[in-house]
Number of protein chains: 2
Amino acid sequence: MPAPLIALDWGTTRARAFLIDGDGAVRERRSADQGVQSVPEGGFPAAFAGLAGDLRRAAPEAAILLAGMVGSRNGWVEAPYVACPAAPADIASAAITVALGDGGKAAVLPGLSCDDGAFDVMRGEETLIVGLGLADGLVCLPGTHAKWALVEGGRIARFASFMTGEVYGLLRQHSILARLAAEPVGDDAATGTALGLSAARRPGGLLNAAFAARTEVLAGRMAPGAVGPYLSALVVGHEIAGAKALFAGAGMLSLVADGALAESYGAALTAAELPFSLTTPEAAFVAGARRLAAEMAR
Amino acid sequence: MPAPLIALDWGTTRARAFLIDGDGAVRERRSADQGVQSVPEGGFPAAFAGLAGDLRRAAPEAAILLAGMVGSRNGWVEAPYVACPAAPADIASAAITVALGDGGKAAVLPGLSCDDGAFDVMRGEETLIVGLGLADGLVCLPGTHAKWALVEGGRIARFASFMTGEVYGLLRQHSILARLAAEPVGDDAATGTALGLSAARRPGGLLNAAFAARTEVLAGRMAPGAVGPYLSALVVGHEIAGAKALFAGAGMLSLVADGALAESYGAALTAAELPFSLTTPEAAFVAGARRLAAEMAR
C-alpha cells in the first residue's frame, strides 16, 4: 500500500486540506478562508503549518502535494503552466519543490494552459480532471469561472473557461435586476429555473434574455423570488450551449459538482439533452492528488 | 406653418428639453441631470419650470410634449403602455394631459409594450423611432438597455431590449477584468475593438469570450488598455447577433446614435455585414415629437 498523502487545494480565497490514507480513504479534512490572497509575502510556510500542521504531525511520513493558485505568481512559488495536451505525467513532472518551515518538502503543482485560438489557463481544476481517471470524455467543472475540458487518450487535450458564476453574481447583485429580485419562496426556484432554461434557448441571446427578467417581473408574470433562479439557469444554459459548440462530438460528460451547483447544472444538462455522470469535487481532487503523487514517486 | 413645440425627453437620470420652431429648427436646447428619479413626489410642475420655464416664456403659445420615464409609474403621471403593433396615431392618442404650475397643460406620452414570447417595454425610444418616418425597416437604438424595433407599414410591429450597456459597465467596472484593465492608449482602442468583434463570433459565447480578456492580458497578448474596447465590441457584437436572429429578413437598418456609440455600433454593424443609415438621437427625437404633436392636434 502506498504511503499516506497530504494534499491541499489552495485557491485564491479558500484552502482545503486532506490527509489521505494509503488506501485512498480521507482520514482528516480541513477547510479555511485562508486563500492565497490572504497570505503575506514569505508567509507560506507559516500558513501551511496553520492549515495542515496537525495533519503533518499525524502522518510525518506523508508526501505533501499543493494544487491551485498556490502555484501562481502570487502564490508560494510560480509553477509555470504546462501546455495542453497534457498527460498526468506531464503535470507531475512540472511540479516545483518548496521547503516547509520544519525542514520537510512539498510539491507545488503547475496549472495548465491551452491555446485553442483563445488563450486560456486553469490552476487546481487539472487535479480534479486527472482524478476522474478518464481515457476519453468531456468534463464540466462549475464555478465562478467554470471550466470545460476535453480528455483524449488519457491527456487533457484542450479546455475553455466561462465567466458564468461571476456574471450571475454581477446580474443578481449589481444590475438593475438586483432591485427587483427577492429571495425565492414556495416554487419560485423551480419556476425561475424552468423559465431561465427556456430563455437560454431564445434566439436573442443572453443580453436580451437577461433584460426579460425585469420586464416579466414588472408585468407581474414572474415572481421577484424567481429572478435569481431565472438568471442562474439562464447563464448556465448559455454556458452549456457554448460548451456544446466548442466541444461538439466529445464523448461522455462528467460533471464535477455538489450541492446547489450539482442541482442547477444537472437540470440544465438534462434540459440540453446531455447525459452526464456526477462526481463530487472532493472525490475528484483526492483521486487526482493520489494519481499525481504516484506519478511523482516513479 | 405649425406652432412651435416644447418637447422634453425626460428619462430616469437625465432630461433634455427643446424649443422647436414651426419649421422644425431647434431654437433652444437644455440638458440637465434632473432625471425623473431626482424629482420628489408632487415636484414635477416645479421641476418642469426649472428645466423649461424659460423656453415656455420664450414661446408661450407652444404645445408641450413630455416623453420617456416621466410617463412611468414613478413619473409625473403613469401613461399606460400602448401594445405593439402601434402607429404614431395610437401613441399620440394615449397621451395623458397634466397641469403645469402656471395653469398651462402638457401631454405625457405613453411607452410601448411588446409581447413577442418575452414581454418587453420601452419609454422614450418610441418617439425617436417615430421620428425616423419609416414605412418599413429595422431600428437600432444603443444604450444602457439597447432597443431594436421592427417597423412595418408605418407601425412599430415589435421590439426587443438588450442589456448591452449595463453588462459592459458591470464587466468593465466590477468584474475580475476591471483589475486588469487600463485606459486605452495608442492603438489600444482599435486593437481591442477588432479582437472583441472577432471574439463575438467565437462559438463558445459571451461568457467564454469575456473571460478570454483576462487570459489574453495575463499572457501578454492583449494590452490592458485594450480590455475596455474589447469588452465593448464583444457585447455589441453579441447584441447584433441576437438582433439579427430575432429580426431576420427585416429591411434597411437605421442606427440612432452619435459620438462613441455611433462609432462602436458602426464598426460592429459593418463587421456583421449589416448596412445602415445613421441618425442622431436629437434629430430623431425632434422629428418624432413634431410628428406626435401633429397627430394630437388633429
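The values are calculated or read from the model by the stated rules, or taken from the named source; none is laboratory data. Worth saying up front: this structure is predicted, and the values here are computed from it rather than measured. Note that we place each Cβ from the backbone using ideal geometry, even for glycine, and neighbour counts take in every protein chain shown.
Annotations for the structure displayed:
- Taken as a whole, the stretch B:136-144 holds at least one residue that is within 13 Å of chain A (Cβ to nearest Cβ), closer than 30 Å to B:Leu274 by Cβ and modelled with pLDDT under 95.
- Taken over the stretch B:22-58, the criterion of being assigned to a loop (DSSP other than H, G, I, E, B) and among the acidic types (Asp, Glu) is satisfied by B:Asp23, B:Asp33, B:Glu41.
- The set of residues in the stretch B:122-139 that are outside any helix (DSSP H, G or I) and more than 14 Å from B:Thr280 (Cβ to Cβ) comprises B:Met122, B:Arg123, B:Gly124, B:Gly133, B:Leu134, B:Ala135, B:Asp136, B:Gly137, B:Leu138.
- Only one of the listed residues (B:Leu128, B:Leu100, B:Leu132) is away from every other protein chain (no Cβ under 14 Å), farther than 26 Å from B:Asp33 by Cβ and either surrounded by 24 or more Cβ atoms within 10 Å (Cβ to Cβ) or not basic (Lys, Arg) (or both). That residue is B:Leu132.
- Any hit, the stretch B:17-31, residues being among the aromatic types (Phe, Trp, Tyr), out of contact with any Gly (no Cβ under 6 Å at 6 or more places or on another chain) and under 17 Å from B:Gly124 (Cα atoms): yes
- Residue list for the stretch A:176-211, restricted to those being in contact (Cβ under 8 Å) with a residue 12 or more places away in the chain, outside any helix (DSSP H, G or I) and more than 23 Å from B:Arg201 (Cα to Cα): A:Ile176, A:Leu177, A:Leu180, A:Ala181, A:Ala182, A:Glu183, A:Pro184, A:Val185, A:Gly186
- Of everything listed in (1) part of a helix (DSSP H, G or I); (2) closer than 30 Å to B:Ala89 by Cβ, the single unmet condition for B:Glu263 is (2).
- In the stretch A:212-248, the residues that are at the interface with chain B (Cβ under 9 Å from one of its Cβ atoms) and free of Cβ contacts under 8 Å to residues at least 12 places away in the same chain: A:Thr215, A:Ala219, A:Arg221, A:Ala245, A:Ala248
- The one condition in (1) within 17 Å of the chain's Cα centre (by Cα); (2) modelled with pLDDT under 95 that A:Val121 fails to fulfil: (2)
Yes or no, residue by residue, for (1) closer than 29 Å to A:Cys114 by Cβ; (2) surrounded by 18 or more Cβ atoms within 10 Å (Cβ to Cβ):
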site: A:Trp148; (1), (2): yes, yes
site: A:Phe162; (1), (2): yes, yes
site: A:Ser175; (1), (2): no, yes
site: A:Arg179; (1), (2): no, no
site: A:Gly186; (1), (2): no, no
site: A:Ala190; (1), (2): no, no
site: A:Ser198; (1), (2): no, no
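- For the stretch B:1-47, residues that are touching a residue at least 60 places away in the same chain (Cβ under 8 Å) and surrounded by fewer than 19 Cβ atoms within 10 Å (Cβ to Cβ) total 5.
The rows are residues; the columns are (1) within 21 Å of B:Ala95 (Cα to Cα); (2) among the basic types (Lys, Arg); (3) touching an Asp or Glu at 6+ places or on another chain (Cβ under 6 Å).
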| site | (1), (2), (3) |
| --- | --- |
| B:Leu8 | yes, no, no |
| B:Gly11 | yes, no, no |
| B:Arg16 | yes, yes, yes |
| B:Asp21 | no, no, no |
| B:Gly24 | no, no, no |
| B:Glu28 | no, no, no |
| B:Gln34 | no, no, no |
| B:Ser38 | no, no, no |
| B:Leu51 | yes, no, no |
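- Residue check for B:Ala248: part of a helix (DSSP H, G or I) and either closer than 30 Å to B:Ile129 by Cβ or over 21 Å from the mean Cα position of the chain (by Cα) (or both): no
- The C-beta contact set for the stretch A:51-80 (first residue among the polar types (S, T, N, Q), second residue part of a helix (DSSP H, G or I), distance under 9 angstrom, 6+ apart or interchain) comprises A:Ser72/A:Val36; A:Asn74/A:Val36; A:Asn74/A:Gln37.
- Tally of residues being part of a strand (DSSP E or B) and either in contact with a Phe, Trp or Tyr (Cβ under 6 Å, 6 or more places away or on another chain) or surrounded by fewer than 21 Cβ atoms within 10 Å (Cβ to Cβ) (or both) across the stretch B:64-81: 1
Results for (1) in a strand (DSSP E or B); (2) touching a strand residue (DSSP E or B) at 6+ places or on another chain (Cβ under 8 Å); (3) without any contact (Cβ under 8 Å) to a residue 12 or more places away in the chain; (4) not aliphatic (A, V, I, L, M), shown as yes or no for each residue.
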site	(1), (2), (3), (4)
B:Thr144	no, no, no, yes
B:Lys147	yes, yes, no, yes
B:Phe159	yes, yes, no, yes
B:Glu166	no, no, no, yes
B:Gln173	no, no, yes, yes
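- Residue within the stretch B:157-165 that is at pLDDT 95 or above and away from chain A (no Cβ under 12 Å) present: yes
- Of the residues screened, B:Arg202 is one that is surrounded by fewer than 24 Cβ atoms within 10 Å (Cβ to Cβ), within 14 Å of another protein chain (Cβ to nearest Cβ) and modelled with pLDDT under 95.
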